[in-house]
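Visitor: Let me begin by handing over the structure; questions about it come next.
The values are calculated or read from the model by the stated rules, or taken from the named source; none is laboratory data. All figures in this text were calculated on a predicted structure; none of them were measured in a lab. Here the Cβ positions follow ideal geometry from the backbone for every residue, glycine too, while neighbour counts run over all protein chains shown. For accessibility, only protein heavy atoms count, side chains too; no ligands or nucleic acids. Shrake-Rupley method; radii C 1.70, N 1.55, O 1.52, S 1.80 Å.
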Amino acid sequence: MVRTASTMLPLGTQLPDFELEMVSGLKFSPEDPFRCASHIRSFDLTKKPLFLMVICAHCPFVKHVESGITNLFNSFGDNVQFLAVSSNSLITHPQDSPELLAYQANNLGWKFPYLFDSDQILAKALKAACTPDFYIFWPSKDGVSKLRYRGQMDGSRPGNEIPVSGDDIRLVLSSLLKGEDISTDQKPSIGCNIKWHPGMEPEWFG
C-alpha cells in the first residue's frame with residue numbers, strides 16, 4: 001500500500017468518453033434507469049449532475065468512508081447521478097473482482113451503478129491516482145458535463161479520529177444544486193494508490 005494523493009485534474013475538464021461494463025448482481029431501486037443495463041456510456045450521463053467515485057472493495061481508505069458514501073447517496077441520490085468505478089488490476093488484486101464489488105455494494109445497500117474499468121482507460125483519462133478519488137461533473141449550457149470538483153470527501157482518514165461526515169462533497173453538491181458558486185480551493189483525496197496493471201503504470205504513478 002502506498003499512501004497517495006489526488007492529481008487534481010484541472011477544473012473545467014470535460015467528462016471523458018467511455019463505455020464500461022456494469023458489475024453484475026447489483027440491487028437497484030425499481031425506478032433506476034440503469035437497473036437493466038450491462039454497460040454505461042459517458043453519453044448516458046451528460047444530462048444530470050454526476051458524482052463519480054473511483055473506489056474498490058479492499059482498500060482500507062475506501063472502507064473508512066463507505067458510510068459517508070451511503071449517507072451522501074441518501075441525501076442527494078434523487079438529484080445527482082452517483083457512479084462508482086473500480087479500476088484496480090485483478091492481476092495483482094483479485095480481491096477487487098466484480099463479484100466482490102457487487103458484494104460490497106449490496107452489503108452496504110448502495111442503489112447506484114458500479115462499473116468495472118478492466119482496461120483502466122477511464123482511470124487514466126481522469127488522471128486518477130488513489131482509492132478513493134472523487135469527482136463532480138456538472139452539465140453546462142452547451143450540454144457538456146464539466147469538472148467542478150475533485151478531491152476529498154472530508155478531512156477524515158483512518159486513524160486521525162476525525163468523524164466521516166462527507167462535508168466537503170456535501171457543501172459542493174448543496175451549493176451547485178442551488179446555483180451558487182463554489183470555491184476552487186479544493187483539497188486532494190488521500191488513499192491507497194490505484195493498482196495498475198504491471199508495466200502499464202501512468203506517468204504520475206510513483
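Visitor: Determine whether S89 is polar (S, T, N, Q) and over 20 Å from F34 (Cα atoms).
Guide: yes
Visitor: Do we have any residue at all in region 191-203 that's closer than 25 Å to G77 by Cβ and either in contact with a Lys or Arg (Cβ under 9 Å, 6 or more places away or on another chain) or not small (G, A, S) (or both)?
Guide: Looking for residues that are closer than 25 Å to G77 by Cβ and either in contact with a Lys or Arg (Cβ under 9 Å, 6 or more places away or on another chain) or not small (G, A, S) (or both), one finds at least one in region 191-203, hence yes.
Visitor: Here's another thing I want to ask about it. Give me the pairs: first residue in region 156-172 and open to solvent by 80 Å² or more (accessible area, probe 1.4 Å), second residue among the β-branched types (V, I, T), beta-carbon distance under 8 Å, and six or more apart or on different chains, which are they?
Guide: Short answer, once both residue conditions are applied: L171/I182.
Visitor: Can you tell which of S42, S75, S38 is more than 27 Å from V164 (Cα to Cα) and out of contact with any strand residue (DSSP E or B) (no Cβ under 6 Å at 6 or more places or on another chain)?
Guide: S42
Visitor: On the given criteria, is F112 under 28 Å from S38 (Cα atoms) and aromatic (F, W, Y)?
Guide: Spelling it out, F112 is indeed under 28 Å from S38 (Cα atoms) and aromatic (F, W, Y).
Visitor: If I filter region 108-160 down to residues being of a type in the set (V, I, T) and modelled with pLDDT of 95 or more, which single residue comes out as nearest to T184 (Cα to Cα)?
Guide: Here the answer is I136.
Visitor: Can I ask one more? Kindly provide the set of residues from region 116-134 that are in contact with a helix residue (DSSP H, G or I) (Cβ under 8 Å, 6 or more places away or on another chain), open to solvent by less than 10 Å² (accessible area, probe 1.4 Å) and assigned to a strand (DSSP E or B), ordered by number.
Guide: Answer for region 116-134, where residues must be in contact with a helix residue (DSSP H, G or I) (Cβ under 8 Å, 6 or more places away or on another chain), open to solvent by less than 10 Å² (accessible area, probe 1.4 Å) and assigned to a strand (DSSP E or B): C130, T131, F134.
Visitor: Within region 94-111, does at least one residue satisfy the condition of being within 22 Å of F137 (Cβ to Cβ), over 14 Å from the mean Cα position of the chain (by Cα) and part of a helix (DSSP H, G or I)?
Guide: no
Visitor: Do you know which of the residues in region 38-47 that are assigned to a loop (DSSP other than H, G, I, E, B) and at pLDDT below 95 is most open to solvent (accessible area, probe 1.4 Å)? Even if it seems obvious, please write down each step before you answer.
Guide: In the first step, residues of region 38-47 are kept if they are assigned to a loop (DSSP other than H, G, I, E, B); the result is 38, 46-47.
Adding the requirement that they be at pLDDT below 95 leaves 46-47.
Numbers: T46: 33, K47: 161 Å².
Out of the qualifying residues, it is K47.
Visitor: When you scan region 53-67, do you find a residue that is assigned to a loop (DSSP other than H, G, I, E, B), touching a Gly at 6+ places or on another chain (Cβ under 7 Å) and open to solvent by less than 10 Å² (accessible area, probe 1.4 Å), even just one?
Guide: Looking through region 53-67, at least one residue is assigned to a loop (DSSP other than H, G, I, E, B), touching a Gly at 6+ places or on another chain (Cβ under 7 Å) and open to solvent by less than 10 Å² (accessible area, probe 1.4 Å).
Visitor: If you check L122 against the conditions, is it in contact with a Pro (Cβ under 8 Å, 6 or more places away or on another chain), in contact (Cβ under 8 Å) with a residue 24 or more places away in the chain and closer than 20 Å to S75 by Cα? Write out each step before concluding.
Guide: On the way: in contact with a Pro (Cβ under 8 Å, 6 or more places away or on another chain): yes; in contact (Cβ under 8 Å) with a residue 24 or more places away in the chain: yes; closer than 20 Å to S75 by Cα: no.
Against the criterion (in contact with a Pro (Cβ under 8 Å, 6 or more places away or on another chain), in contact (Cβ under 8 Å) with a residue 24 or more places away in the chain and closer than 20 Å to S75 by Cα), L122 does not qualify.
Visitor: Just give me the residues in region 1-37 being polar (S, T, N, Q), assigned to a strand (DSSP E or B) and under 19 Å from A84 (Cβ atoms), in sequence order.
Guide: Answer for region 1-37, where residues must be polar (S, T, N, Q), assigned to a strand (DSSP E or B) and under 19 Å from A84 (Cβ atoms): just T4.
Visitor: Then there's this: Which residue pairs have Cβ atoms under 6 Å apart, sit 6 or more places apart or on different chains, and have a first residue in region 28-44 that is under 17 Å from N79 (Cβ atoms) and a second that is open to solvent by 40 Å² or more (accessible area, probe 1.4 Å)?
Guide: Correct list of pairs: S29/K111.
Visitor: What about S75, is it polar (S, T, N, Q), surrounded by fewer than 20 Cβ atoms within 10 Å (Cβ to Cβ) and within 15 Å of M153 (Cβ to Cβ)? Walk me through how you get there before you give the answer.
Guide: Working: polar (S, T, N, Q): yes; surrounded by fewer than 20 Cβ atoms within 10 Å (Cβ to Cβ): yes; within 15 Å of M153 (Cβ to Cβ): yes.
In short, yes.
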